[in-house]
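To start, the structure under review is shown below, and the notes come after it.
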Amino acid sequence: MKKVIAMLLAAVLCLAAFTACGSEAASGDKVLVVGTNAEFPPFEYIGDDGEPDGFDIALIKEIGKKLGMEVQIENMEFNSLVAAIGTKIDASIAGMTITEERLNAVDFSDPYYEAVQYVIVPADSTIATAEDLKNKAIGVQMGTTGETIAFKIEGAAVQSYNKALDAVNDLNNGRVDLVIIDRNPAKVFTQKFEGKVIALEGAQFEFESEEYAIALPKGSELVEKVNQALAEIKAEGTFDELLTQYIDSAEVE
Ligand code: GLN
C-alpha cells in the first residue's frame, strides 16, 4: 500500500512539474522572443506609442496567436539579428532576405514577401544605369543585402550606417552620392525628403528580386509550425488585410 501511495505521489509531482515547465508566461502562453530592427518602414518602425509596429510585427503577432505563444519583440541592430537567433532570440522578423550566407547559420520560413533593392539619388541626379553606379560614394544599412550589392560595385566607396534613415540623411546632405536599400523603405524615406531625393527602380540596375522570410534556429521544429501558421493566415485573408493596412497605405506615389 505504501508503495502505491509513493508512486501516486511521484506521478502527481511529475505532472505538476511538467505543467509548470510548459507555461512560461504569466498568461499561461509560451513566450516567443522575436528580434527585429525597427528602422525599416513599413515593415517595422517605432509607432506613436513608442512600441515596435509595422507589417512584420503585426504578422508575427498573428503567427503567435496561431502557435498559442505570446510574442515578445526585441528591438536590436539589424546586423546582430542572425547571430542572436537561438540564443538571445527565438526568431527574427525584419524584412530579412533569404541569402546563402544566412542559410549557413539559420533556417528560414517560407517566404512571405518579394522585394528588390532600389537606388535613392538626389532629385536632379543623372544616375540611371548599372554603369552609373561605379566609382560613387554609396550609403547602405550595415549587414544588409544592399550592402552586399554595393561592395560588388566597381570603385564604390561604401559607407555603412546602423540606421538606413541616416544614410538617406547623408544623401540629402551630399555626403554620399546614392543609397541602396529595399524598395518599400526607399519609398517611405523619399517621402520624408520630398522633392529632394527620388527612388529609382532596381530593375534599372539589374538588381535581382529577393524574398523576405522569418529566420529561425537551424533545425528548429518551429519552422514547420510557423509555415503552417503562415499558410492559414494567408488562406483566411488576414495576410492581405495586413498588406493593405501597412504596405499599400505607405505607398503614396
Ligand atoms: N532585405 C535586406 C536584408 O535582408 C534589408 C533588411 C533590413 O534592413 N531590415 O539584408
Can you give the extra length, in nm with one decimal, that the chain gains between residue 75 and residue 240 once fully stretched, where that is 0.36 nm per residue apart less the Cα-Cα distance? 56.9 nm
Calculated FRET value between residue 208 and residue 31, using beta carbons and R₀ = 45 Å, to 0.05: 0.75
Report for the chain the percent antiparallel among DSSP-assigned beta bridges with both residues inside it, nearest 5. 55
Antiparallel content of DSSP bridges confined to the stretch 113-215, in %, to 5: 60
Would you check the accessible area of residue 181, probe 1.4 Å, heavy atoms only, in square angstrom rounded to 10? 10
Summing +1 for each Lys or Arg and -1 for each Asp or Glu, what net charge is found among the other residues whose Cβ lies under 15 Å from the Cβ of residue 130? -4
Using helices alone, what [θ] at 222 nm do you get for the chain, with -39,500 (n - 2.57) per DSSP H run of 4 or more residues, divided over all residues and rounded to the nearest 500? -10000 deg cm²/dmol
Could you work out how far helix 2-22 tilts from the main Cα principal axis of the chain, as a 0 to 90 degree angle to the nearest 10? 10
Relative to the chain, whose Cα atoms define the longest principal axis, helix 183-192 and its Cα axis are tilted in degrees, nearest 10, by 60
Full-extension gain between residue 61 and residue 110, please, as 0.36 nm times their residue separation minus the C-alpha to C-alpha distance. 16.0 nm
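The values are calculated or read from the model by the stated rules, or taken from the named source; none is laboratory data. A quick note: this is a predicted structure, and the numbers were derived from the prediction, not measured. Cβ: placed from backbone, ideal geometry, glycine included. Neighbour counts: every protein chain shown. Please note that ligands, DNA and RNA were not included when accessible areas were found on the heavy atoms of the full protein model with its side chains. Shrake-Rupley method; radii C 1.70, N 1.55, O 1.52, S 1.80 Å.
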